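Peer 1: Structure below; questions to follow.
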Ligand SMILES: [Ca+2]
Ligand SMILES: [Ca+2]
């Protein structure tokens, strides 16, 4: 066989292999993708790098594994939920405690409860009440359908609890498939404890994530991660049920959101716009390939490589951005909570809570 014949045979073999890989991806792909448009790059002008998140001190290093969210009660005790299935808490004297055992690996957003203890979202079990007496499942289904990806919760002064479901199609361990698919499978739910009833408030959200109430509780904000925006859902009598955009074109996918003491909000932003991921989001075939081969997903997912949080005023304008542009100290920061002049930061890629003094 001469050189040209060899080359032709080899090329045909490579093309056949490539086709087989693409066909396998199309056949076995777990997603039905849509093209995703990214915010205009001009939105990044809000975000000159400050590297402020490299200045954190590390609380509970090695003890607090991948704590997605943080909450602090009115006595100053900090609570967090970790990947090893514990609700852990930090006392004011600096000592950590394994407080309550939940189990599993899917604890996400938490908030303090007026009656004491905390309310927690478990992506597998649903909405949980955690008190000194133990753990109680408040809501595990809505309209007869299992709640499979409860993500974050806030309690209103009338007792109602508003919580997000990130995706009704994909589970927590496959969250990135929801991003790749880019079809809206998220919900905002309300749990009414007086009636022990759960209802759907908003449907078709783009990865419903953090929830927060306004200072007067006349509206709540729900984050839509891969839509790079947060919605305002009105609760007051005149406008009840109306929805509008609170902030869009965020320089990252919003995860948890927390009301600050001055009435502004802190929003943790996941990096969903690295160039490789942008490229993938422009092609349905590439999305099928990435969704089918997990090794490729790791290559394009930028969440583990950086950290960013934004302080946003009540008009939806960014006031400041703190980040770790290299991920050297903190990456995949998912929550930022301000308390007594400090910012407390949870992350799905760190084994500590970051603590940053504000005003430095
Ligand atoms: Ca929370
Ligand atoms: Ca979340």
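Throughout, read-outs are computed from the coordinates displayed, never taken from laboratory work. Note that the coordinates shown come from a computational prediction; the quantities given were computed from them, not determined experimentally. Every residue, glycine as well, gets a Cβ built from its backbone with ideal geometry; the counts of neighbours run over all protein chains shown.
Peer 1: For residue 242, put the label point 7 Å out on the Cα→Cβ axis and report which residues of the range 181-196 keep their amide N under 18 Å from it.
Peer 2: Nothing falls inside the zone, counting backbone N under 18 Å.
Peer 1: Give me 86, 99 ranked fewest to most by other Cβ atoms within 10 Å of their Cβ, as a rough exposure proxy.
Peer 2: Listed from fewest to most nearby Cβ atoms, that is 99, 86.
Peer 1: Residue 183 to residue 326: extension gain in nm, 0.36 nm per residue of separation minus the Cα-Cα distance? Walk me through the numbers before you get to the answer.
Peer 2: Working: separation 143, 0.36 × 143 = 51.48 nm, distance 3.01 nm.
Separation in residues times 0.36 nm, less the Cα-Cα distance, equals 48.5 nm.
Peer 1: Over the chain, with a single point scatterer placed on each C-alpha, what log10 of the ratio I(q)/I(0) does the Debye formula yield at q = 0.06, 0.07, 0.09, 0.14 1/Å?
Peer 2: After summing over all Cα pairs, the log10 values are -0.23, -0.31, -0.49, -1.14.
Peer 1: Test of understanding: extend the Cα→C-beta vector of residue 51 to 7 Å, then name every residue of the range 311-327 with backbone N under 14 Å from that spot.
Peer 2: 323-327
Peer 1: Could you work out how far helix 3-28 tilts from the main Cα principal axis of the chain, as a 0 to 90 degree angle to the nearest 10?
Peer 2: So the helix axis and the longest Cα principal axis differ by about 30 degrees.
Peer 1: Grab the DSSP H runs of the chain that are 4 residues or longer, score each as -39,500 (n - 2.57), total them, divide by all residues and round the 222 nm result to the nearest 500 deg cm²/dmol.
Peer 2: It lands at -4500 deg cm²/dmol.
Peer 1: So what is the relative contact order of the chain, in percent, for Cα pairs below 8 Å that sit 6 or more residues apart?
Peer 2: Averaging sequence separation for qualifying contacts and normalising by length gives 18 percent for the chain.
Peer 1: Hey, fewest Cβ within 10 Å first, where do 37, 181 land in order? Can you show the working numbers first?
Peer 2: On the way: 37 11, 181 24.
Ordered from fewest to most neighbouring Cβ atoms within 10 Å, 37, 181 come out as 37, 181.
Peer 1: Between residue 351 and residue 131, how high is the FRET efficiency from 1/(1 + (r/R0)^6) when r is the Cβ-Cβ distance and R₀ = 30 Å? Nearest 0.05.
Peer 2: On the way: r = 27 Å, r/R0 = 0.90.
In this case the efficiency is close to 0.65.
Peer 1: Separate question: Estimate the FRET efficiency between residue 340 and residue 234 by the formula 1/(1 + (r/R0)^6), using the beta-carbon distance for r and 25 Å for R0, to the nearest 0.05.
Peer 2: 0.20
Peer 1: From the square roots a ≥ b ≥ c of the eigenvalues of the alpha-carbon gyration tensor of the range 137-212, which class results: rounded (a/c under 1.5), prolate (a/b over b/c), or oblate?
Peer 2: prolate
Peer 1: Is the shape of the range 140-268 best called rounded, prolate or oblate, per the rule: a/c under 1.5 gives rounded, else a/b larger than b/c gives prolate, else oblate, with a ≥ b ≥ c the square roots of the Cα gyration tensor eigenvalues?
Peer 2: The shape class here is oblate.
Peer 1: Kindly put 292, 326, 111, 334 in sequence by how many other C-beta atoms sit within 10 Å of each C-beta, fewest to most.
Peer 2: Ordered from fewest to most neighbouring Cβ atoms within 10 Å, 292, 326, 111, 334 come out as 326, 292, 111, 334.
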